[in-house]
Every structure is written in structure tokens, then in C-alpha cells.
């Protein structure tokens, strides 16, 4: 018999894959919110959860925070209020067919929803290691529940989940064979510039939108929901969640169609005189005629302007065949260099625990020097290489672990030498390209190294542990200094470094004098939600030692939870309340007092205990910090990429797992 997966586990899946930004603290996730809507709740907790999540249908204010885009720029992301996130679940359920229809109208798009995905993948690692993210709270599945770590995006996507994959694809090579010229353009501040009412212009027309302002339709519902999620703003949409990319995709597909029709009127046809490819807001224009390229650019600018969108002049690039950039060459050289290290780690003599030769030691020990030379030689920033490099370093670390023979002194020495080199490279990359995504990659890498440490004698392990601690402290100090230039704002990059060190090294990290100074500096500044969960997570590694700091932190949190209307309106306050109520260090009577003051009633202490177990967004234990999870970035996977694997089809109202008891495989229906 197949195992039925209840309808609600599908209906609320957008909470896991569509409604959150990708760049978040590694201990943050929506698992408990998801389960609170899918499971039969404890009767003591249910009325309290209903009070938290029901009864508010007005607009909400997202929690706005900045993340580093590069060394000079930041991007403001928005964490949408959970009450509004639930509305997006309803919207997806009602309008999934319309979303697919309006996202299937352009020949130019490289990243679009193509089908509704069914259930989840058997192995995320088999698909794409780059989407893995650590640190979301994990609750053990019960009965017919899906395993959350296997879930991917609500929709299956075509064709690419990263722009670089297009540039490295056979499709790109075919276009290069056919066309001599390439022009690249992108839209300046696309998401911040989108006018929410323009969704109706894209699906109907501007005239229709003006004549039917009160009509209930897909586009009016989407417009209204995007406004309510963002303080009722019509200029600009919340940045970060997948639903925002879908909103933009519908609008830009209309631009694509209009440009294609105008070109066809001049007997210029896609795939013949030209080709256009668009990845979200990045355009690539191919042709053999400079005049045609100029005409296409002019039409694109004109049609974008009708939506109040503009081309980013600083990023316009022209290329002649072959379309090989400095970045292309740098990536090729780094792959070759990494492969050289990999060959050493899998060689028979290395596995046989033979003392490393001078050539092998140079191949491993000289890695960081050679990577720096490659970046300099090709004049490319490390931010363009860091993601793939950290992925390669994780693979090297796994190979080193696999070759480790703890009974051989030579093998242990080889492992320490290789791991030290990997650590040096990883922290150099993180230091020069300190972004949230690089902290994810670093956390993953250090977790893999920790697997090897468990097999080492204490003295060898102490050396590596000390090295990791010193490097983490150094990068954290640099991040803190950079953050002090923008006081009162979050530094998710710093928060992830502190969480990673606290998780891996426990109180040996948090009680380090320099780390304590960093924590004290954060506590002394303005309190934000992400700062609250980061500080508390670090303090909970040794709650007795940090008892005074925990008391101060909780008192400051309580002072921010002074008004029920503010909690219902502001995403930051709502998240803060839920994680205050779920925190293990706060006495249940104190939690009860805070809840009653805001929501009224006479809930028992037992009810508050059950509530704390059912809500919250932070994994206070850190038990799942080393689990590789891939939920926040939508996995772009064609329905046909699952050939050769056992497939599970989604039926309306239920999903079915395999009868043989194995893991269901991600697939899709048209």
C-alpha cells in the first residue's frame, strides 16, 4: 500500500520554499509554522496558536534587513509576516494554474515555473550541492508526513537555477556557434522599482486595470497580496522570497512578448536573425548584426520604461565571439587547480598512508597562493569564484576524511596537513568575500571537518580546533568593525559566524575573551530580532556563565513586545514574540505573563509549555545545524530530469509515497 501524504502538507508547502528569503541566520526556519498548520495540534496549544495567527487580515510590515552584496554594496531583504505568509499559501493553492500560464508565454526566459512539483526529491545532494543550507530546525516526521529536508520548490522550474549554468551550458555554446555578437544588460534595482498594479498591465492591459480596479481576479489578488505583505506599498515589492521573483517574471514575460512581436513586424525572428535569453532581470542578446543588437536594446529599454524599469548602465557589456570572459578563464583555471589537489587525496599512496611527497605537499599547501594568483591574473573578484570554490573545498574535505586512517600516524599527519590548507583557503575566501552565502558554505565545510576530527587523537584535533577558533574570531572581528559603520542594522554575516563557532566549539568559543567582547558590543546596541536569536543561541551554550546577559536580553525583548497591534502588524515583533515563547531559558510563568498581557485570557502554564513546543522559528538546540538542507532557494528542475528514477505523481488533494517504503522522488505534472 502506498503511504498517503495529507493534503495540508502540500497546501502549506510554500512556507518552506516560497515565502522566505534565502539569506537568513542558519538557525532560522519555518518548520514549526508549517507543522502548526498541518498537524493535529495539542488541544491546550491550539486556541493559543489560533490567537497568534488568526483574526488579522490587514496589511503587515516585513522585517527589513540588509545583507552584503559585495564589499561596497548591501541589499535590503524582507522577512514577510507569518500571517501574510499563510495568505500566500492560499493564493498558491487557488492560482497555481494561472501562475504557470502567465509564466509560460516567453521564449526568452531561462528561469520560470514550468509545472507543479510533486512531493520531494530522494537526495538533494544528488541534484545540486549548491542549494544546501544548514541550520533550519528539524522536527521528526510523523506517520504520513513528508521529510522536510527532502522538499524542494513548489514549482518545477525551467531551465537553469543559476545564471552561470547557462553560460556553461550546451545551449550557450550553440548560440555562440550561430551568432558572432553578444550584448549583456540587466535591470537596475528591478524589484525595488516594480509597481504592484503593473501585474494587471502584464496580464490584461493598462486600460483594463484602470477600468476594473475593484475586480476580483488572479492579477488583482496578486497585486493586493503583494501590497499587504509590504506595508500597503505599491511602489516596489518585498525582496528575497520566491513569490517576488514569480511576480517579476510575469511582468517581464510581457515585456519579452512585446519585444518579440515588434521585432517580428520588422521580419526579425527569434532563433534566426537574433536570440534573446533572460535570467530573471539579466538579458543576453545574440546576433550577427550590430544594427540588430542596437535595435533590440532600444526596444528593450522602451518596453521596460513603460513599467518604470531602467537598464543598469554600468553593467552593459559587449562581446565578440568567442564569448570567453576573464571570469570564464578564471573558473577554468581554478577547476584545474582544485582537480590537482583532488588527485592527490584519492591517490593510492595517499590512501595507503604513505608519507606525502614534496610534490604532493606543494599541490596541497600551495593551493591558496595559486587561487589568489588566478584571481589576480584574470582580474576577477573573489565574489565571482567563492561559491564554486567553497563547494570544491567541501568535496576535498570529504575526500580527506575518506582517506583518513586513525590507526596510522602518517595518515593522521596527512589529514591534518590537507585540512589545514583547506581551512586556510576557506577563511581567506570568507574574509575577502564576507556574504551570507559564503557563511553558509563555511558552516557546511566546518561541519565536514568536524566529522574528521571525531576520528583523530586529541592532540591532532586540538590543533585543528584551535586553528578554526582563531580564524572564526578574526573574521568575526572584521565583520563587527564593518557593521559598526551602520549602527542599528543587522549583520547576518557576523551572526552566522558566531552561531557556527558556538555550535562547533560550544563554550570554548563563546567564552573566548574576544568573542565575549563581540557579544557584549552586540548586546549594548539596539536590539533586533536576528540579534536576539543570535545572542541567545550563543549564551545558551553555557547558560550559567551567561545568566546575567540572558536576563538583560530577555528584559529588552519584553520591552519591545509592548503592544498587540504592533505584534500583529510588524513581522519583526511577531517573530520575536514567538521565539521568546519558545526559548528554553525563559520561565513558563514569565512566558504566560507576557502572552496574557498581549492576548488576554487565562491560559494555564501547561498550555504555555505546549505553545512553546509548537511555535518559534529558531533551533535553540543546534541539533540540526550540521544537516545539509536545501529549501530556501527554489530548485530549478525540469519534469524530465527525473528519468531513470522512481517517480511519484501528485494527485489533487493528496500525494503518494512509494509502496516499497523508499523515499519519494521529486517530479512534476504539466
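Return 369, 575, 59 ranked ascending by Cβ neighbour count within 10 Å, so the fewest neighbours appear first.
On the way: 369 12, 575 23, 59 16.
Ranked by crowding around the Cβ, least crowded first: 369, 59, 575.
For the peptides 290-301, 246-257, what is the packing order when you average, over each peptide's residues, the other Cβ atoms within 10 Å and list the highest mean first?
Details: 290-301: 16.2, 246-257: 22.3.
Output ranking for 290-301, 246-257: 246-257, 290-301.
Take the alpha-carbon centre of the stretch 259-282, take the same for the stretch 75-100, and report the distance between them in whole Å.
If we compute the Cα centre of each part, the gap is 31 Å.
Based on the mean of other beta carbon atoms within 10 Å per residue, what is the order of 385-396, 462-473, most packed first? Can you show the working numbers first?
Details: 385-396: 21.5, 462-473: 17.7.
Listed from highest to lowest mean packing, they are 385-396, 462-473.
Roughly what % of DSSP beta bridges within the stretch 180-320 run antiparallel, to the nearest 5? Let's see the in-between values first.
Details: 18 of 19 bridges.
Percent antiparallel among DSSP bridges in the stretch 180-320 is about 95.
Most exposed first by the Cβ proxy, i.e. fewest other Cβ within 10 Å, how do 427, 286 rank? It would help to have the intermediate numbers written out before the result.
Details: 427 21, 286 25.
Ranking 427, 286 by Cβ neighbours within 10 Å, fewest first, gives 427, 286.
Per the Kirkwood formula on distinct C-alpha pairs, the Rh of the stretch 381-452 is how many angstrom? Could you put the intermediate results ahead of the total?
Values: mean 1/r = 0.0806 Å⁻¹.
Result for the stretch 381-452, one decimal place: 12.4 Å.
Which of rounded, prolate, oblate describes the stretch 325-471, given a ≥ b ≥ c as roots of the alpha-carbon gyration tensor eigenvalues and a/c under 1.5 marking rounded, otherwise prolate only if a/b is larger than b/c?
Numbers: a/c = 2.28, a/b = 1.45, b/c = 1.57.
Here the stretch 325-471 falls in the oblate category.
Starting from the Kirkwood radius over alpha-carbon pairs of the stretch 180-320, derive D by Stokes-Einstein at 10 °C in a medium of 1.306 mPa s and give it in µm² s⁻¹. It would help to have the intermediate numbers written out before the result.
Values: Rh = 15.9 Å.
It diffuses with D of about 100 µm²/s by this estimate.
Where a number appears in this text, it was derived from the coordinates with a stated rule and is not lab data. Everything numeric in this text was worked out from a predicted model, so none of it was measured. Cβ atoms come from the backbone with ideal geometry, glycine included; neighbour counts cover every protein chain shown.
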